[in-house]
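**Q** I'd like to ask some things about the structure below.
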């Protein structure tokens with residue numbers, strides 16, 4: 001009898017350890033994001049988070065910088081068969097900055113440059129400000145320890161100093177992604193207008209889709225190749241931006257501009273048609 005009681009007690013402690021609430025110091029962030037009154041944020045380990053990938057009937061969770069969000073409302077994007085299903089059930093903070101949704105689906109960003117870290121911070125803000133997705137807790141990993149406390153890495157990132165980036169992190173000129181050069185040209189404008197007419201692009205449609213480069217814009221890379229990436233814009237909208245990458249690979253996170261070959265270093269009039277992205 002005593003043995004049975006002991007086993008039940010041990011099992012209860014194990015469940016409590018893995019699903020215990022986050023410390024009180026973290027709860028205010030969850031409440032602002034939409035947790036029910038009195039509901040304490042969860043503290044999950046990686047294995048537990050992986051169960052919320054849409055395959056186990058537990059809903060859809062994803063994490064950015066250790067913060068776990070319920071993205072079930074975006075099942076079309078994060079559910080099975082969705083374009084961003086690879087983000088479900090994990091903290092894939094690294095991929096949000098690199099655009100590599102194959103090899104970078106993890107939370108290790110210790111080697112990121114200032115600009116890359118700022119990109120991840122923008123994504124965290126995007127989800128935190130969203131009225132569609134809600135913060136439900138944290139995941140133990142690169143950003144929070146087993147007690148739900150911020151790790152030294154997260155504390156360094158949070159200590160942004162005058163817009164110069166996290167202390168102790170330096171710019172790496174050899175990083176995979178660099179901003180594109182861009183400029184407006186009359187020739188490119190003519191090509192763009194012709195292409196838009198051919199596609200039947202109406203004024204209303206062009207107004208509906210935010211774009212970093214308007215018709216008539218050329219983007220080019222002194223080193224590397226132009227690729228289209230989606231980044232958080234004002235409010236809850238996403239916008240298309242241009243980055244230069246070293247190789248010629250094309251992935252879900254790094255796309256070709258319409259009419260641009262993957263081996264071209266200069267693209268004329270990319271109209272940035274992101275109609276298939278929708279809002280995440």
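The values are calculated or read from the model by the stated rules, or taken from the named source; none is laboratory data. A quick note: this is a predicted structure, and the numbers were derived from the prediction, not measured. Neighbour counts are summed over all protein chains in view; Cβ atoms, including those assigned to glycine, are modelled from backbone coordinates with ideal geometry.
**Q** So which residues in region 232-280 are modelled with pLDDT of 75 or more, over 29 Å from residue 133 (Cβ atoms) and buried (at least 21 other Cβ atoms within 10 Å of the Cβ), if there are any at all?
**A** The answer is 267, and nothing else.
**Q** Say whether the condition of being under 21 Å from residue 131 (Cα atoms) and modelled with pLDDT under 95 is met by at least one residue in region 100-107. Walk me through it before giving the result.
**A** As a first pass, look at region 100-107 and keep what is under 21 Å from residue 131 (Cα atoms): none.
No.
**Q** Among the listed residues 35, 49, 87, which satisfies the condition of being surrounded by 18 or more Cβ atoms within 10 Å (Cβ to Cβ), at pLDDT below 95 and touching a strand residue (DSSP E or B) at 6+ places or on another chain (Cβ under 6 Å)? Lay out the reasoning, then the answer.
**A** On the way: 35 fails: touching a strand residue (DSSP E or B) at 6+ places or on another chain (Cβ under 6 Å); 49 fails: at pLDDT below 95.
Sole residue among the options that is surrounded by 18 or more Cβ atoms within 10 Å (Cβ to Cβ), at pLDDT below 95 and touching a strand residue (DSSP E or B) at 6+ places or on another chain (Cβ under 6 Å): 87.
**Q** Find the residue count for region 211-231, including only residues that are modelled with pLDDT under 70 and more than 26 Å from residue 127 (Cβ to Cβ).
**A** Residues that pass the stated criteria total 3.
**Q** Right, another one. Just checking, which of 40, 73, 119, 97 is outside any helix (DSSP H, G or I), assigned by TED's automatic domain parsing to the domain that holds residue 136 and either farther than 14 Å from residue 141 by Cβ or within 12 Å of the chain's Cα centre (by Cα) (or both)? It would help to see each step written out before you state the result.
**A** Details: 73 fails: outside any helix (DSSP H, G or I); 119 fails: outside any helix (DSSP H, G or I); 97 fails: outside any helix (DSSP H, G or I).
Of 40, 73, 119, 97, the one residue that is outside any helix (DSSP H, G or I), assigned by TED's automatic domain parsing to the domain that holds residue 136 and either farther than 14 Å from residue 141 by Cβ or within 12 Å of the chain's Cα centre (by Cα) (or both) is 40.
**Q** Here's a follow-up. Could you grab me the full set of residues in region 100-116 that are more than 12 Å from the chain's Cα centre (by Cα) and farther than 14 Å from residue 142 by Cα?
**A** Scanning region 100-116 gives 102, 103, 113, 114, 115.
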